[in-house]
Amino acid sequence: MVPAALASAPAREDSAVFETLRSVVRFDRPALDRRARRLRRAASVGDLRRLARRRLPRGVFDYIDGGAEDEVTLAANTAAFRAIGFAPRVLRGVGDVDTSTTLLGRSLPLPLALAPTGFSRIADAQGELAVARAAARSGIPYVLSTLATRSIEEVAAAADGPQWFQVYVWRDRGLVREMVERAAANGYEALVLTVDTAVFGRRERDVRRGFSLPPAIGPSTLIDGAIHPAWTWQFVRSEPIRFANVVGAASGASGTSRASAGETAVTLADYVNAQFDPDLGWADVEWLRGIWDGPIVLKGIQTVADARLAATAGVDAIALSNHGGRQLDGAPAALSLVAPVVDAIGDAVEVICDGGVRRGSDIVKAVALGARACFAGRAYLYGLGAAGEPGVDHVLTLLADDVRRTMALCGARSIAELDRSLLRAVDPVDERT
Ligand SMILES: Cc1cc2nc3c(=O)[nH]c(=O)nc-3n(C[C@H](O)[C@H](O)[C@H](O)COP(=O)(O)O)c2cc1C
């Protein structure tokens, strides 16, 4: 007969192993929704970019992700942030960090607004509506593009957060005036006049893929669509994608053609070059000032000389921007202009840094250099492409958490405490990444 003590030994060992396992193994409650599962594991905007790349057809992803020509400026926008590090202060009592600030007279929870991006519905069927709702939930201003695929009215009705309207100057000034009036009537708080698109930049990824807007269905797009069934299913089920802000004008007095209203497939380059006025000048800024009572932001300033001119042109803010590296390849990184421009113009107008923001620490760096706030474009588009509206929420949460954490780790309790003393140049040799 086996002694009782010996017979129970393996059982005791088993239960000890089980106890140990129980203390170290945690089974997450399974997320019901595949999207929620995807998002839970996305720790950064970079992760969302990878998810978007998997979910979107190549042509669509490249339209969002790509830049002009050799994409030198596109890369410079993000590299400029990496070239600056922190000189953090400690023992400063950062139990209560306040990330709020003001921009154009409005208080914001953090120094961020969402940049205008055209044609958002190719990333997700809800498009601009999803972005506007997510921005409103976070209290972040959303700049609706002239080339949006949801109209000024639809976006205003969808969300009650701060909304601004971005203006491209059409050759047909009547159409511009009409859009500005619609923006005013629908409660948009500011206009953002984009001035870096006299002609369209050469985005070679789009050329190689024969990318058109709306995306045309051909043999290669059919294959691409089949490989990305979730996107394709959404795309074919939702109403046709159009330039929603100019659709009404297609048959109206402005005489805009069907193609120019985005009802037939065109390359964006052909469309822009036919519709936008390359003769745009400082007199047009004055004209816009005359037809709009609220704040105006000039977006696309790329030199100190033009920042000086802007400071006396009757606008309220400038966005230092190269259009996310999508226009002139070789233009300076937006971040590299912040300090020289702020030093040159002081606080004559507010300065927004636009281009390359992928982390909240980027926002902290730009503000410490002297920017009032940042715009972010692709960051939220990656979230939208990866997981629709919850993806945009996720990006905004990541950025807000990053800003708060970075400020705490730098020893800054408020935005006012962010200054250049907290920054240092990164030595590219010692700190290879
Ligand atoms: C897909 C896409 C579409 C864009 N469309 C517009 C637009 O319609 N009007 C505009 O002023 N800027 C447009 N931009 C530029 C953004 O407003 C912003 O300047 C740029 O995205 C900033 O760089 P980031 O993407 O690195 O944040 C677009 C950018 C992207 C990526």
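Within the range 373-393, the set of residues being under 23 Å from residue 103 (Cα atoms), surrounded by fewer than 24 Cβ atoms within 10 Å (Cβ to Cβ) and either of a type in the set (Lys, Arg) or more than 16 Å from the ligand (Cβ to nearest atom) (or both) comprises just one member, 393.
Whether any residue in the range 211-222 is of a type in the set (S, T, N, Q), at pLDDT 95 or above and away from the ligand (no atom under 16 Å from the Cβ) is what I want to check.
No - not one qualifying residue is present in the range 211-222.
With respect to the conditions (1) out of contact with any Ser or Thr (no Cβ under 8 Å at 6 or more places or on another chain); (2) surrounded by 17 or more Cβ atoms within 10 Å (Cβ to Cβ), residue 340 lacks only one, and its number is (2).
Among residues of the range 72-88 that are under 14 Å from residue 353 (Cβ atoms), those with a beta-carbon under 7 Å from a residue that is within 16 Å of the ligand (Cβ to nearest atom) and charged (D, E, K, R) at least six positions away or on a different chain give the pairs 78/358; 81/362; 81/365; 84/365. Counting only residues that are surrounded by fewer than 17 Cβ atoms within 10 Å (Cβ to Cβ) and part of a helix (DSSP H, G or I), the range 80-91 holds 1 of them.
Is it true that residue 352 is in contact with a strand residue (DSSP E or B) (Cβ under 9 Å, 6 or more places away or on another chain), aliphatic (A, V, I, L, M) and surrounded by fewer than 23 Cβ atoms within 10 Å (Cβ to Cβ)? The answer is no for residue 352. Just to be sure, is residue 419 free of Cβ contacts under 8 Å to residues at least 24 places away in the same chain and not hydrophobic (A, V, I, L, M, F, W, C)? Spelling it out, it is not the case that residue 419 is free of Cβ contacts under 8 Å to residues at least 24 places away in the same chain and not hydrophobic (A, V, I, L, M, F, W, C). With respect to the numbered conditions (1) more than 10 Å from the ligand (Cβ to nearest atom); (2) surrounded by 20 or more Cβ atoms within 10 Å (Cβ to Cβ); (3) farther than 11 Å from residue 345 by Cβ, which one is the sole condition not fulfilled by residue 325? Here residue 325 clears every test but (1). Listed by first and then second residue, the pairs linking a residue in the range 160-189 that is closer than 25 Å to residue 200 by Cβ to a residue that is of a type in the set (Lys, Arg) and surrounded by fewer than 21 Cβ atoms within 10 Å (Cβ to Cβ), with Cβ atoms under 8 Å apart and 6 or more places separating them unless they lie on different chains, form an empty list.
Residue by residue, here is whether (1) aromatic (Phe, Trp, Tyr); (2) assigned to a strand (DSSP E or B); (3) more than 21 Å from the chain's Cα centre (by Cα) holds:
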site: 380; (1), (2), (3): yes, no, no
site: 389; (1), (2), (3): no, no, no
site: 401; (1), (2), (3): no, no, no
site: 421; (1), (2), (3): no, no, yes
site: 427; (1), (2), (3): no, no, yes
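Take residue 290 and decide whether it is in contact with an Asp or Glu (Cβ under 9 Å, 6 or more places away or on another chain) and not polar (S, T, N, Q). Outline the logic, then answer.
Numbers: in contact with an Asp or Glu (Cβ under 9 Å, 6 or more places away or on another chain): no; not polar (S, T, N, Q): yes.
Here the answer is no, as residue 290 does not meet what is asked.
Within the range 345-371, the set of residues being more than 16 Å from the ligand (Cβ to nearest atom), assigned to a loop (DSSP other than H, G, I, E, B) and of a type outside the set (Val, Ile, Thr) comprises 346, 347, 348, 370.
Of the residues that make up the range 93-103, is at least one more than 14 Å from the ligand (Cβ to nearest atom) and under 15 Å from the mean Cα position of the chain (by Cα)? Checked against the condition, which is being more than 14 Å from the ligand (Cβ to nearest atom) and under 15 Å from the mean Cα position of the chain (by Cα), the range 93-103 yields no hits at all.
Checking each residue of the range 258-267 against the condition of being out of contact with any His (no Cβ under 7 Å at 6 or more places or on another chain), modelled with pLDDT of 80 or more and basic (Lys, Arg) gives no match.
Taken together, 319, 307, 339 contain a single residue that is at pLDDT 95 or above, closer than 23 Å to residue 71 by Cα and in contact with a Leu (Cβ under 8 Å, 6 or more places away or on another chain), which is 319. Take the conditions (1) without any contact (Cβ under 8 Å) to a residue 40 or more places away in the chain; (2) surrounded by 20 or more Cβ atoms within 10 Å (Cβ to Cβ); residue 363 misses just one of them, which is (1). Annotation: of all residues in the range 113-147 being within 15 Å of the ligand (Cβ to nearest atom) and over 14 Å from the mean Cα position of the chain (by Cα), the one that is nearest to residue 393 (Cα to Cα) is 124. Residue-level check: of (1) away from the ligand (no atom under 16 Å from the Cβ); (2) surrounded by 24 or more Cβ atoms within 10 Å (Cβ to Cβ), residue 54 misses just (2).
Taken across the range 120-136, residues that are buried (at least 19 other Cβ atoms within 10 Å of the Cβ), in a strand (DSSP E or B) and either in contact with a helix residue (DSSP H, G or I) (Cβ under 8 Å, 6 or more places away or on another chain) or among the hydroxyl-bearing types (Ser, Thr, Tyr) (or both) do not occur at all. Looking only at residues that are more than 23 Å from residue 422 (Cβ to Cβ) and of a type in the set (Ser, Thr, Tyr) in the range 57-79, which one is surrounded by the fewest Cβ atoms within 10 Å (Cβ to Cβ)? Among residues in the range 57-79 that are more than 23 Å from residue 422 (Cβ to Cβ) and of a type in the set (Ser, Thr, Tyr), the one surrounded by the fewest Cβ atoms within 10 Å (Cβ to Cβ) is 63.
The values are calculated or read from the model by the stated rules, or taken from the named source; none is laboratory data. None of the values given here were measured: they were computed from a predicted structure. Cβ sites come from the backbone with ideal geometry, for glycine too, and all protein chains shown count toward neighbours.
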